[in-house]
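Q: One structure follows; several queries about it will come next.
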Amino acid sequence: MAAEANFDSKSSRWSLQGMTALVTGGSKGIGYAIVEELAQLGATVHTCARNEAELNKSLNEWNTKGYRVTGSVRDVASRAERQDLIARVSNEFNGKLNILVNNVGTNIQKETLDFTEEDFTFLVNTNLESCFHLSQLAHPLLKASEAANIILISSIAGVVASNIVSVVYGATKGAMNQMTKHLACEWAKDNIRTNCVAPGPIRTPLGDKHFKEEKLNNSLIARTPLGRIGEAEEVSSLVAFLCLPAASYITGQTICVDGGFTVNGLYIS
């Protein structure tokens, strides 16, 4: 049976009021912006991070703003800690989850021939396996909500080649783009929509390490039709939109948030 639109006439198509969300890696950067965006629209959010001090700082900021956000210290590269995280979320949200945002990701910047087995395993576990396994674990909770969304945070490195990041990073992000399509088709029957957001050059604590290099920064800006580096809030706004009832017929898509970077083949201004 095909998935049907689930509209509640008493709620706004442009609100997440009453919904629950899990955002991994929400203490800084794009993850922080996503947590805040979802909470602003009315969702109750749980997030996780490896660094307890950074997580507590973020939780205090959100509490001051009146947002409904909780958090736990977890490393989603660990299978056991992923299981613990979903158990915590299930208990906190009474067995139901409307939104899962697989945001955690990292990079090891090395030439291909310099990659070790440990480097490869670490990147695959952190970027790809965590996303796959958390989606598996969260499926019963998402299905129980009867109107759910999975958002994968990929990268334009999964769409185009780039020497700014490693080949393994790009491969994990490309796999996430393909995973999005499969889950969208397989789980549509359970009223679970799955979409992927692929950021380009965005100002984050991780990205800023690259942008400090003037030559690289200028090169990225020259290649970007909008002529600037993006902000985390410009990614989080798309994530939030895809979770809204207003986006109920969008699934299986990978959308680049990159100022036009990936479509600027040979265009010269």
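The values are calculated or read from the model by the stated rules, or taken from the named source; none is laboratory data. A quick note: this is a predicted structure, and the numbers were derived from the prediction, not measured. Note: ideal-geometry Cβ built from the backbone for every residue, glycine included; neighbour counts use all protein chains shown. To get the accessible areas, we keep the full protein, side chains included, count just its heavy atoms, and leave off ligands, DNA and RNA. Shrake-Rupley method; radii C 1.70, N 1.55, O 1.52, S 1.80 Å.
Q: Just one of (1) touching a helix residue (DSSP H, G or I) at 6+ places or on another chain (Cβ under 7 Å); (2) outside any loop (DSSP other than H, G, I, E, B); (3) over 30 Å from Ser248 (Cα atoms) trips up Lys57, so point out which.
A: (1)
Q: Cβ-Cβ below 7 Å, separation at least six or inter-chain, first residue in segment 1-26 and within 11 Å of Ile99 (Cα to Cα) and in a loop (DSSP other than H, G, I, E, B), second among the aliphatic types (A, V, I, L, M) and at pLDDT 95 or above: which pairs?
A: Leu16/Leu38; Leu16/Leu41; Leu16/Ala43; Leu16/Leu244; Met19/Ala43; Met19/Ile99
Q: For segment 166-175, indicate whether the set of residues that are open to solvent by 70 Å² or more (accessible area, probe 1.4 Å), more than 30 Å from Pro245 (Cβ to Cβ), in contact (Cβ under 8 Å) with a residue 12 or more places away in the chain and not acidic (Asp, Glu) is non-empty. Before you say what the answer is, go through the steps one by one.
A: Narrowing segment 166-175 to residues open to solvent by 70 Å² or more (accessible area, probe 1.4 Å): 167.
Subsequent filtering for residues that are more than 30 Å from Pro245 (Cβ to Cβ) retains 167.
Filter once more, so that each one left must be in contact (Cβ under 8 Å) with a residue 12 or more places away in the chain: 167.
Subset that is not acidic (Asp, Glu): 167.
Yes, segment 166-175 contains a residue that is open to solvent by 70 Å² or more (accessible area, probe 1.4 Å), more than 30 Å from Pro245 (Cβ to Cβ), in contact (Cβ under 8 Å) with a residue 12 or more places away in the chain and not acidic (Asp, Glu).
Q: Okay, moving on. Is at least one residue of segment 154-164 buried (at least 17 other Cβ atoms within 10 Å of the Cβ), farther than 30 Å from Glu214 by Cβ and not polar (S, T, N, Q)?
A: No: zero hits.
Q: While we're looking at this one, here's another question. When Ile153 is evaluated against the numbered criteria (1) farther than 18 Å from Leu244 by Cα; (2) modelled with pLDDT of 95 or more; (3) touching a Pro at 6+ places or on another chain (Cβ under 9 Å), which criterion, by number, is the only one it fails?
A: Going through the list (1) farther than 18 Å from Leu244 by Cα; (2) modelled with pLDDT of 95 or more; (3) touching a Pro at 6+ places or on another chain (Cβ under 9 Å), Ile153 breaks only (1).
Q: Do you know which of the residues in segment 73-120 that are touching an Asp or Glu at 6+ places or on another chain (Cβ under 7 Å) and among the β-branched types (Val, Ile, Thr) is least open to solvent (accessible area, probe 1.4 Å)?
A: We begin by selecting, within segment 73-120, every residue touching an Asp or Glu at 6+ places or on another chain (Cβ under 7 Å); these are 73-75, 81, 108, 110.
So of that shortlist, the ones also among the β-branched types (Val, Ile, Thr) come out as 73, 108.
Details: Val73: 60, Ile108: 33 Å².
Filtering first and then ranking leaves Ile108.
Q: Inspect segment 146-161 for any residue being among the charged types (D, E, K, R) and either part of a helix (DSSP H, G or I) or out of contact with any Lys or Arg (no Cβ under 9 Å at 6 or more places or on another chain) (or both) and give the result as yes or no. Lay out the reasoning, then the answer.
A: Residues of segment 146-161 that are among the charged types (D, E, K, R), as a first pass: 146.
The next check asks that each one be either part of a helix (DSSP H, G or I) or out of contact with any Lys or Arg (no Cβ under 9 Å at 6 or more places or on another chain) (or both); those that pass are none.
No.
Q: Out of (1) farther than 30 Å from Ile229 by Cα; (2) surrounded by 23 or more Cβ atoms within 10 Å (Cβ to Cβ); (3) touching a residue at least 60 places away in the same chain (Cβ under 8 Å); (4) among the small types (Gly, Ala, Ser), the odd one out for Ala148 is which?
A: Of everything listed in (1) farther than 30 Å from Ile229 by Cα; (2) surrounded by 23 or more Cβ atoms within 10 Å (Cβ to Cβ); (3) touching a residue at least 60 places away in the same chain (Cβ under 8 Å); (4) among the small types (Gly, Ala, Ser), Ala148 misses just condition (3).
Q: Also: Restricting attention to segment 224-257, which residues are open to solvent by 20 Å² or more (accessible area, probe 1.4 Å) and touching a Gly at 6+ places or on another chain (Cβ under 9 Å)? Break it down into steps so the answer makes sense when it comes.
A: At the first step, the residues of segment 224-257 found to be open to solvent by 20 Å² or more (accessible area, probe 1.4 Å) are 225-228, 231, 233-234, 237-238, 241, 245-246, 248-251, 253-257.
Matches in segment 224-257: Pro225, Leu226, Gly227, Arg228, Glu234, Thr254, Cys256, Val257.
Q: Suppose the filter is part of a helix (DSSP H, G or I), buried (at least 18 other Cβ atoms within 10 Å of the Cβ) and among the hydrophobic types (A, V, I, L, M, F, W, C); does Leu183 pass it?
A: Details: part of a helix (DSSP H, G or I): yes; buried (at least 18 other Cβ atoms within 10 Å of the Cβ): yes; among the hydrophobic types (A, V, I, L, M, F, W, C): yes.
Yes: the conditions hold for Leu183.
Q: May I pose another question? If I go through segment 33-54 residue by residue, how many of them are open to solvent by less than 10 Å² (accessible area, probe 1.4 Å), not in a loop (DSSP other than H, G, I, E, B) and not aliphatic (A, V, I, L, M)?
A: 3
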